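Participant: To start, I am sharing the structure in question, which I have written as structure tokens.
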Amino acid sequence: AIITPMTQSGTHPWPTTQAPLFAERFALTIAALLAFVARLGPHHRILAPILYPLLRRIARARTIFALYMRRAAAGNPQPPPRKPRPADTSPPRAPRRPTPHFPTRHGWLRHALRQHPQAHNIGAWRGQIEHLFADPTLAALIAATPSLDRALNPLRRLLGLGEPPPPRPRAPRKPRPARPAPPQASLPPFSPPNRLTPRNARLARKKPA
């Protein structure tokens, strides 16, 4: 059955009985995708440097989706309000490792593996997830839960789910300040060169003091 609990944003149908099925289908597809990427990643020039962060990113989407489906099965998928964090009195931690640079192209994982003999599997799993997200009940739940929608964006980007986001408008560049003209060096007054030829030198020596 589907119940319609009241929330602050209105009345939404939460799939109390369908949520576990959504979570199971999503988890099976993600598990197959993880195994495929883990097998090919160490030997791929693009995936090898970012393999472990990439696997964590895909697995995180599965974990968050399962969490929201459990909340939806209980009748309210909205996350509870965050409690204020207490003041951190622990000693300073070691600096974190730099965040790996992921490609930003929409559907970059499909593009990176497009020449692999088993690249069709990526398209199949993408189609399964796209079909799952197209379910009207699940689509309504995702639309009404912005935090879940945002958590699925990395998975959408790497598989190319949905339409690519519009490019961000570039901020206008600030005009550069005009450079001041370099000061002109003052030249000494012109004086004709004192040409001392051998003849002039002889005349100067013969000239009486």
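The values are calculated or read from the model by the stated rules, or taken from the named source; none is laboratory data. Please read all numbers here as calculations on a predicted model, not as lab measurements. Positions of Cβ are generated from backbone atoms using ideal geometry, with glycine treated the same way; all protein chains shown enter the neighbour counts. Heavy atoms of the whole protein, side chains included, go into the accessibility calculation; ligands, DNA and RNA do not. Shrake-Rupley method; radii C 1.70, N 1.55, O 1.52, S 1.80 Å.
Participant: By the scheme Lys and Arg +1, Asp and Glu -1, what is the net charge of all other residues having a beta-carbon under 15 Å from that of Ala27? List each step's numbers first, then the result.
Facilitator: Details: positive: Arg25, Arg60, Arg62, Arg70; negative: Glu24.
Net local charge, Ala27 excluded: +3.
Participant: Heavy atoms only, 1.4 Å probe, whole protein assembly: order Arg45, Arg71 by accessible area, highest first. Mind dumping the intermediate values first?
Facilitator: Details: Arg45 200, Arg71 60 Å².
So, going from the largest accessible area down, we get Arg45, Arg71.
Participant: Let me ask something additional. In terms of solvent-accessible area of protein heavy atoms at a 1.4 angstrom probe, what is the ranking of Arg179, Arg156, Arg150, highest value first? Show your work: numbers first, answer last.
Facilitator: Numbers: Arg179 215, Arg156 45, Arg150 150 Å².
Listed by decreasing accessible area, they come as Arg179, Arg150, Arg156.
Participant: Assuming a ≥ b ≥ c are the square roots of the Cα gyration tensor eigenvalues, decide whether the stretch 103-182 counts as rounded (a/c under 1.5), prolate (otherwise, with a/b larger than b/c) or oblate.
Facilitator: Details: a/c = 4.97, a/b = 1.81, b/c = 2.75.
Since a/c reaches 1.5 but b/c is at least a/b, the shape of the stretch 103-182 is classed as oblate.
Participant: If you stretched the chain out fully between Ala124 and Arg39, how much longer would it get, using 0.36 nm times the residue separation minus the C-alpha to C-alpha distance? If you can, show how the numbers build up before the last one.
Facilitator: Details: separation 85, 0.36 × 85 = 30.60 nm, distance 1.73 nm.
Extending this stretch completely gives an extra 28.9 nm.
Participant: Which whole-Hz ³J(HN,Hα) couplings does the stretch 119-128 yield from phi under the Karplus relation 6.51 cos²θ - 1.76 cosθ + 1.60, θ = phi - 60°, glycine and proline marked x?
Facilitator: 5, 5, 5, 4, x, 5, 5, 4, x, 5
Participant: Just read off the accessible area of Arg39 with the full protein assembly in place, 1.4 Å probe, to the nearest 10 Å².
Facilitator: 130 Å²
Participant: Sort the stretch 22-70 into rounded, prolate or oblate with this rule: let a ≥ b ≥ c be the square roots of the eigenvalues of the Cα gyration tensor; rounded if a/c is under 1.5, and if a/c is not under 1.5, prolate when a/b is larger than b/c, oblate otherwise.
Facilitator: Numbers: a/c = 5.05, a/b = 2.17, b/c = 2.33.
Oblate, because a/c is 1.5 or more while a/b does not exceed b/c.
Participant: I've got another one for you. What distance in nm separates the two pseudo spin-label positions at Arg150 and Arg60, each 7 Å out from Cα along the beta-carbon direction?
Facilitator: Placing both labels 7 Å beyond Cα along the Cβ direction yields 1.3 nm.
Participant: Okay, moving on. Can you give the extra length, in nm with one decimal, that the chain gains between Ala134 and Ala74 once fully stretched, where that is 0.36 nm per residue apart less the Cα-Cα distance?
Facilitator: Details: separation 60, 0.36 × 60 = 21.60 nm, distance 2.22 nm.
Length gained between Ala134 and Ala74: 19.4 nm.
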